[in-house]
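Each reported figure results from applying straightforward, stated rules to the coordinates on display, with no laboratory input. Being a predicted model, the structure only gives us computed values, none of them experimental. Methodologically, a virtual Cβ is constructed for each residue, glycine included, from the backbone with ideal geometry; neighbour enumeration extends over all protein chains shown.
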Amino acid sequence: MKYISFVIPSRNNLPFLKQAYNSIRDNIELQHEIVMLDDASTDGTWEWMTEIYKKDKNVIIHKNYGPERLGHTILYDEGVKMCTNEVFSIFHADMVASPNYVINMIKHLKKGKVISATRIEPPLHPPGPEKIVENLGMGVEEFNDKKFKHMVEKEEKWMDNKNKTTSGIFAPWMMYKEDFESIGGHDPLFAPMELEDSDIFNRMHLKGYELIQSRDAFVYHMTCRGSRFKDGLEIEAEIPLEDGTIWYKPKDSEEYTKLRSIKIREWLRKWGHMVQHDELMMPKIPPKYDIGFQVMNTDINFLRELEPWCSCIYLDGNSDAYINEYIKLEQPNTLFDLSKRVKQYGADDVTKNHDIVVQFDAREFDNNAFQVINNISEILKDSGEIGTMEYYIFRFFINSLDTHEKDLILVK
C-alpha cells in the first residue's frame, strides 16, 4: 500500500491545524495527500489553506462559506468524497502525527477492517487502557515535540507493543473508502457535531467490520479543541486519581453543552439506549425494539423526559394542548417527525400498534421506574416472551421480539 488520504475538518482552530499539517508533512514518509476542510472559520483558516494549496500539490481544500457551521459530521463525508486514494484516515485538527503513525496502522489494514491509532493525551479526560496519558503540552505553544518523538520511539520498541493490536475504535482511524461508502458515511442526524463518531462506530460493528487498535501507532491529541474546549482551556477542578496523578477537569463550551443535550436525545430516538462500549472503546449494542409507551396522567415535563425512549408515546385524554406545545418547542431540535411520535390514544386500543407496548401511570413513576426505561432493551432480551408481562409499575404487551438494530447500519 503506497497511498493514503488524510481528512481534516477545522473550524477556528488555525494554530492546531497548522501543527497537524506540519506533523504529517514532516513525519509521514509514505506518499499521501491531505484534504483540509474549513467550516466557516473567521480566524484566517481559509486564507492559510489557500496559500498552502498554492505551494503543495498534494493538498486538496474545501470551504463551507457559512455563515452557519456544517460540523465534522458533514465535512468528514465531504472530505472522503474528495479523496483520490482508496484508503483514508480521519484525522483531527488538534492531533500530531508521529513518524511511523501510518506504517504501523496500515500494516494491519484489509477490506472489512477499521484501524485506530493509540492516542497520547494530556490529563484532560479520565485515563483508560486504550490510551496513554502524558502531558506533553496542552496547547500548541507548549507542545514538546522532541519529548513526543522520544516517547514514541521508546513505546514502539517495547516488545509488548510491537505489532500488537487490541479490539476497539477511536479517532484517528483509517479504512477503505469503499467500506466507508457501503454504510453511507456519517449520519446527518448528529450534525454539526456530537455522537457522530459513536453512531458510525456502532454501524461499523453491526456491519461486521473488524475494529482494531494498533498499539505501536501513535498520535498526540490535544483533545476536543474544535468542540468541547474550543473557547480555550479553563480548568474547573484538579481531581487526584488512584495512581497519584491529576486529572484536570476543563470547563465545557456553551455550544458543546447545548449540542450534546440535543444530540443525546437524537441518539435515544435512533438507538433506544445510551451510548455503550467496553473499556477499550469497543461498541456494545443492546437490541433495538419497536416500543410504544401508553401513558396515563402525564404532563408536558414527563412527555419531554420519555418521548425519546420509544417509537411513539400515546397519551390519554385532554393532552392535545401540551402535545402541540411540546412539538412546537422540540421539533426545531430534531430531524424526527414528532407528529408521528407523540399521539393521543383516546378510546383506541394501541396495544397492537407496535411490537411491544408498555402501559403505565405517570403518577407512579419514580427513579426505579426510570432505571427500567433506561435498561428496557436488556430487560426484554433477558425476560421478554410473547404475551403480557408485569414488571414493576409497567405492563408489557409483547407482540413480537424482533430486533431492528441492523436496520440502522445504512444511513438512508
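Laid out as a table, the results:
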read-out	value
Computed E for Asn297/Glu390 - FRET, C-beta separation, R0 22 angstrom, nearest 0.05	0.70
Net dipole in debye of segment 165-253 [+1 Lys, Arg Cβ; -1 Asp, Glu Cβ; about Cα centre; nearest 20]	120 debye
Max mean-square fluctuation residue, GNM over the chain, Cα-Cα springs under 10 Å, options Asn301, Asn135, Asn324	Asn301
Mean residue ellipticity (222 nm) of the chain, computed from DSSP H runs ≥ 4 via -39,500 (n - 2.57), nearest 500	-9000 deg cm²/dmol
Average Cα contact separation per residue, segment 291-408, under 8 Å, 6 or more apart, as relative contact order %	28 percent
Cα shape, segment 274-395, gyration tensor, a/c 1.5 rule	oblate
Point-charge dipole on Cβ atoms (K/R +1, D/E -1) for segment 291-408, about Cα centre, debye to 20	200 debye
Cross-link partners of Lys63 among aspartates and glutamates (Cα-Cα below 18 Å; sequence separation of 8 or more within a chain)	Glu33, Asp38, Asp39, Asp43, Glu47, Glu51, Asp77, Glu78
Segment Glu141-Leu401, length gained on full extension (0.36 nm per residue, minus Cα span)	88.0 nm
Cross-link partners of Lys111 among aspartates and glutamates (Cα-Cα below 14 Å; sequence separation of 8 or more within a chain)	Glu86, Glu178, Asp179, Glu181, Glu210
Loop-resident sites, segment 55-115, for GluC sites (Glu not before Pro), counting at most 12 other Cβ within 10 Å (DSSP)	Glu68
Lysines with Cα under 25 Å of Lys352, excluding same-chain neighbours fewer than 8 positions away	Lys270, Lys288, Lys340, Lys343, Lys381, Lys406
Sequence of Thr45, Thr84, Thr403 once ranked by neighbouring C-beta atoms within 10 Å, starting from the fewest	Thr84, Thr403, Thr45
Chymotrypsin sites (Phe, Trp or Tyr not before Pro) lying in DSSP loop within segment 55-113, provided at most 10 other Cβ fall within 10 Å	Tyr65
Sparse-neighbourhood loop sites, trypsin sites (Lys or Arg not before Pro) in segment 192-299 - DSSP loop, at most 13 other Cβ within 10 angstrom	Lys284
Calculated Cα extents along the principal axes in Å (choose from [x] 71, 47, 44; [y] 68, 55, 33; [z] 76, 49, 33), label	[x]
Per-residue Cβ neighbour rank within 10 angstrom, fewest leading, Met49, Met82	Met82, Met49
Dipole magnitude of the chain, debye to nearest 20 (Cβ charges: Lys/Arg +1, Asp/Glu -1, about Cα centre)	1380 debye
Furthest towards positive pole of dipole, Phe148, Met274, Leu408, structure part the chain, Cβ charges	Phe148
Sorted by Cβ neighbour density within 10 Å, fewest at the top, the residues Met274, Met389, Met36	Met274, Met389, Met36
